[in-house]
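The values are calculated or read from the model by the stated rules, or taken from the named source; none is laboratory data. Since this is a predicted model, take the numbers as computed values, not measurements. Cβ: placed from backbone, ideal geometry, glycine included. Neighbour counts: every protein chain shown.
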Amino acid sequence: MTSVLYDTPGPRAKRRNVLYTIVFLAVMAVAAWWVLSALADKNQLAADKWTPFVTDSQVWTTYLLPGLTETLKAAALSILIALPLGALLGVGRLSDHRWVRVPVGAVVEFFRAIPVLLLMMFAAALYREFTTVSSDFRPLYAVVTGLVLYNASVIAEVVRAGVLSLPRGQGDAAEALGMRKGQTMLYVLLPQAVTVMLPALVSQLVVIVKDTALGGALLGFEELLSQNRQITANYGANTIATFTVIALIFIVINAILTALAGRLEKRLRQGKKTAAVVIPAQAGATDVGTKTVSGA
């Protein structure tokens, strides 16, 4: 049995794969032993480095939870602004009008090419020089601005690729019913493209959550990762333990986000089998209330 990209392994290939697996696991075990031994030699595995996260609630109430709150606040604001803005830019890139398509494309390519950290730093400088935003809120504003500009540009490309991946017949059928370009995009193409775009969109949302940490590196934004400095200063230089706990928190957040997106995608795919797209009647139409186009 074969496929386009993969041939079913025979007996010799199976034995070779088993051997490779055993060698790989052995190498990983040796590497893990070496890392743990090095940490033990540096006293990073001592119980007093790890127990504060279990026995001392102030580690959470004073440092971790406030930092997590700031991280989630910046990520939520960035997502709420970047998603609709990115969708709007993506639709603009698909416009039939050159005077819309070209400027929008230039904006998207410009902000996609600049690293997020630079966008945050430029935004912080602009807020400092040209606005009256308080220094207490300036890091949050700068982080959200940088994340929105970059991720909206990436989402625009995701939207454009998702719409272009649909069969051409979808748009042709809508045009045959007399739908305008905007109606075709809003009622036919975008709803179907959502399920195609969702995995890439979820990946980008995970990136937004993680990139909030960049604001803590240079802008003084008191997000989750930046709290490691305060914790290690007050709890005996437990750097490895602190980074491990913070990493686990990020993993849990992103796992929850991915699981919610997976459930949403499943519901969308199930609903897509029976849903119909309802189109408002065209002006001047007689004896027709609405028209429907299958969403499948």
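Below is a table of values for the structure above.
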quantity: Tally of residues being within 22 Å of A142 (Cα to Cα) and either of a type in the set (F, W, Y) or surrounded by fewer than 22 Cβ atoms within 10 Å (Cβ to Cβ) (or both) across the range 227-253; calculated: 3
quantity: Test set (1) in contact (Cβ under 8 Å) with a residue 40 or more places away in the chain; (2) surrounded by 15 or more Cβ atoms within 10 Å (Cβ to Cβ) - G105 fails condition number; calculated: (1)
quantity: Any pair with Cβ under 6 angstrom, 6 or more apart, that starts in the range 132-144 at a residue that is under 14 Å from I81 (Cα atoms) and ends at one that is among the polar types (S, T, N, Q) and part of a helix (DSSP H, G or I); calculated: V144/S78
quantity: Residue in the range 188-197 that is in contact (Cβ under 8 Å) with a residue 60 or more places away in the chain, in contact with a strand residue (DSSP E or B) (Cβ under 7 Å, 6 or more places away or on another chain), part of a helix (DSSP H, G or I) and crowded, with 19+ Cβ neighbours inside 10 Å present; calculated: yes
quantity: Looking only at the range 64-102, and only at residues there that are free of Cβ contacts under 8 Å to residues at least 24 places away in the same chain and outside any helix (DSSP H, G or I), the one that is farthest from V154 (Cα to Cα); calculated: H97
quantity: From A237, A233, A217, A200, residue being within 13 Å of the chain's Cα centre (by Cα) and among the small types (G, A, S); calculated: A200
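Yes or no, residue by residue, for (1) within 27 Å of F221 (Cα to Cα); (2) modelled with pLDDT under 95; (3) surrounded by fewer than 17 Cβ atoms within 10 Å (Cβ to Cβ); (4) not acidic (D, E):
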{"site": "A74", "(1), (2), (3), (4)": "yes, no, no, yes"}
{"site": "A87", "(1), (2), (3), (4)": "no, yes, no, yes"}
{"site": "R93", "(1), (2), (3), (4)": "no, yes, no, yes"}
{"site": "D96", "(1), (2), (3), (4)": "no, yes, yes, no"}
{"site": "W99", "(1), (2), (3), (4)": "no, yes, yes, yes"}
{"site": "G146", "(1), (2), (3), (4)": "yes, no, no, yes"}
{"site": "G162", "(1), (2), (3), (4)": "no, yes, no, yes"}
{"site": "P167", "(1), (2), (3), (4)": "no, yes, yes, yes"}
{"site": "G171", "(1), (2), (3), (4)": "no, yes, no, yes"}
